[in-house]
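For reference, the structure discussed in these notes is given below.
The values are calculated or read from the model by the stated rules, or taken from the named source; none is laboratory data. No experiment lies behind these values; they were computed from the predicted model shown. FYI the Cβ positions are ideal-geometry reconstructions off the backbone, even for glycines, and counts take in every protein chain you see.
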């Protein structure tokens, strides 16, 4: 065979090997036997673009390539070189085996590399709300740090608790994460559930927090919370108020507010902020209580904000009073963060924490939070775990005080 044909054969085989490496496990498994046959047919000569000593001492005279993973000294020797200067058949076989096995080795689940594939972030609210929008940006920014996409999965309903069963059943490998809103710490005290927000999770970090507000349509005659309460007193059973779900912080705060005044209202729960605010703005319900997702509706003039639930007035709406300063004695904040399934390895937790922390403080994310009157409320993994335990205990006391605790079995 001429030198040109031998060189062409070597190049073809080299390109086939590169093709296998680029396509991963399945293609490698299918193509590997064909490559081995080609290598044997070639007599192990120039498979990697280097010279292989044949028993009869011939050489393939080109030195353009080197064996992957070997020193550059392994280049093809020129005619006249000694046997010890070239690559032996056994060494070439070993190099070929390592090269063909590379896609398989990279794909083994025991590898220390994390992440090796996209991560799912479960958001327990419908798409389009404030929390969904800010977490989508956070996921995108974190994915850039991790080198893999973080894909947001929405599972709205049940007052923001539907991501917990997902975490409970997910393997502790770091590829399943979820937002942890306040209702997940309250619901187990109100209902018999199979999951526990402390036992079944591994905290990653706390992200931010939301406050809440009482809202009415822009065309409503009500200008204050007292106007709302006066209507409820004069028209028992007629006032309809929407929240973002049964057992959510707005629902619990509303129950407390009306109970203190001996009044009742019709509760209209929605799965999330977006559809709820549309319902209030269009007059389908008479009022609503929601988190900061109402901000665009207030700023655009579609809704009127009567009061907020924070400890102090909002910097965004400084003229709007708080329920506390109005004498109702209610302060409701709702911090939230991210967690994974129980038993996440410490190294995986650290990787996730570092990526999301970097994303959290990215100027683009800070600006997105500001659209909804939110600020960063960062806590690291250990501090967030402690805060989660304290919140769980506090929610038990609050539920018991309101008479909402589940009856003993």
Original post:
Is it the case that residue 189 is closer than 17 Å to residue 404 by Cα and either within 32 Å of the chain's Cα centre (by Cα) or not assigned by TED's automatic domain parsing to the domain that holds residue 379 (or both)?
Top reply: yes
Subject >> Restricting segment 265-281 to residues that are at pLDDT below 95 and assigned to a loop (DSSP other than H, G, I, E, B), the residue that is surrounded by the most Cβ atoms within 10 Å (Cβ to Cβ) >> reply: 272
Subject >> Yes/no for residue 174 being farther than 14 Å from residue 392 by Cα, surrounded by 18 or more Cβ atoms within 10 Å (Cβ to Cβ), modelled with pLDDT under 95 and in contact with a helix residue (DSSP H, G or I) (Cβ under 8 Å, 6 or more places away or on another chain) >> reply: no
Original post:
Any idea which of 174, 143, 156 is over 19 Å from residue 243 (Cβ atoms) and part of a loop (DSSP other than H, G, I, E, B)?
Top reply: 174
Subject >> Among (1) part of a helix (DSSP H, G or I); (2) without any contact (Cβ under 8 Å) to a residue 60 or more places away in the chain; (3) under 27 Å from residue 190 (Cβ atoms), the one test that residue 403 misses >> reply: (1)
Original post:
How many residues are farther than 28 Å from residue 370 by Cα, in contact (Cβ under 8 Å) with a residue 24 or more places away in the chain and surrounded by fewer than 18 Cβ atoms within 10 Å (Cβ to Cβ) when one looks only at segment 199-223?
Top reply: 1
Original post:
Just checking, which of 257, 305, 229 is at pLDDT 95 or above, part of a helix (DSSP H, G or I) and either crowded, with 19+ Cβ neighbours inside 10 Å or not assigned by TED's automatic domain parsing to the domain that holds residue 154 (or both)?
Top reply: 229
Original post:
Quick one: would you say residue 289 is closer than 18 Å to residue 399 by Cα, touching a helix residue (DSSP H, G or I) at 6+ places or on another chain (Cβ under 6 Å) and touching a residue at least 24 places away in the same chain (Cβ under 8 Å)?
Top reply: no
**OP:** Test residue 241 against the criterion of being within 17 Å of residue 289 (Cβ to Cβ) and at pLDDT 95 or above, and give yes or no.
**Re:** yes
Original post:
Across segment 326-375, what is the number of residues that are more than 17 Å from the chain's Cα centre (by Cα), modelled with pLDDT of 95 or more and part of a strand (DSSP E or B)?
Top reply: 0
